[in-house]
Amino acid sequence: MAVTGIYACPVEGVDRPLQIGVASGKLISVEFPETPAADATETHALLDRFIAYFEGAEDDFRDVEIGLTVPTDHRTVLETLRKVPYGQSVTVERLTTMTPGLDAEETVDQETVRTALQENPLPIVCPGHRVRDGPSAAPASVTARLRQIEDLP
């Protein structure tokens with residue numbers, strides 16, 4: 001992966017471009033802005049993988065090195081979320097149960113999960129669309145497309 005930069009391209013079935021940020025060789029952001037950053041480059045190997053994914057190629061992106069700059073409890077939630085397989089979904093309650101240190105019986109822990117999902121800087125790679133009753137950091141149209149790609153409810 002390139003060392004540092006902003007990269008963007010259109011993707012099939014989505015009304016917004018996909019834009020990624022890379023720093024020190026790690027993916028640090030996945031966004032769907034109305035218009036890409038003026039300094040965005042259109043060529044990056046990871047963009048090619050995302051395009052293929054949107055065209056139907058199965059990819060869980062677990063091998064992508066990420067740089068999460070979020071609170072520790074949110075990081076734990078998002079790292080746990082990466083373990084939910086392609087084409088499968090979970091509930092907020094189940095994700096809370098799966099996350100080390102959290103208890104699904106505790107409302108505050110379920111709220112931690114919801115906040116981590118809402119503020120997720122890496123949708124697709126930390127696949128919030130696989131949480132069927134949780135919020136998403138991606139626009140609603142993008143989340144719907146991601147669920148459609150993976151045949152999720």
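The values are calculated or read from the model by the stated rules, or taken from the named source; none is laboratory data. Note that the structure is a prediction, hence the values are computed from the model and not measured. Cβ: placed from backbone, ideal geometry, glycine included. Neighbour counts: every protein chain shown.
Checked across the stretch 65-88, the condition of being over 25 Å from Ala23 (Cα atoms), in contact with a strand residue (DSSP E or B) (Cβ under 6 Å, 6 or more places away or on another chain) and of a type in the set (A, V, I, L, M, F, W, C) holds for at least one residue. With respect to the conditions (1) closer than 23 Å to Val131 by Cβ; (2) over 14 Å from the mean Cα position of the chain (by Cα), Val3 lacks only one, and its number is (1).
Taken over the stretch 114-132, the criterion of being under 18 Å from Leu102 (Cβ atoms) and assigned to a helix (DSSP H, G or I) is satisfied by Arg114, Thr115, Ala116, Leu117, Gln118, Gly128, Arg130. Any residue that is under 25 Å from Gln118 (Cβ atoms), outside the structural domain of Gln88 (by TED's automatic domain parsing) and not small (Gly, Ala, Ser) - is there at least one of those in the stretch 37-45? Within the stretch 37-45, not a single residue is under 25 Å from Gln118 (Cβ atoms), outside the structural domain of Gln88 (by TED's automatic domain parsing) and not small (Gly, Ala, Ser). Of all the numbered requirements in (1) basic (Lys, Arg); (2) under 17 Å from Leu27 (Cβ atoms); (3) more than 14 Å from the chain's Cα centre (by Cα), Arg94 misses one, and that requirement is (2). No other residue among Val142, Val131, Val92, Val113 is closer than 16 Å to Phe50 by Cβ and of a type in the set (A, V, I, L, M, F, W, C) apart from Val142. Taking the stated definitions as given, is Glu106 surrounded by fewer than 19 Cβ atoms within 10 Å (Cβ to Cβ), outside the structural domain of Phe32 (by TED's automatic domain parsing) and either within 13 Å of the chain's Cα centre (by Cα) or under 20 Å from Phe32 (Cβ atoms) (or both)? No: the conditions fail for Glu106.
Of all residues in the stretch 133-151, those satisfying the criterion of being under 22 Å from Thr115 (Cβ atoms), outside any helix (DSSP H, G or I), touching a residue at least 40 places away in the same chain (Cβ under 8 Å) and under 14 Å from the mean Cα position of the chain (by Cα) are Gly134, Ala138, Pro139.
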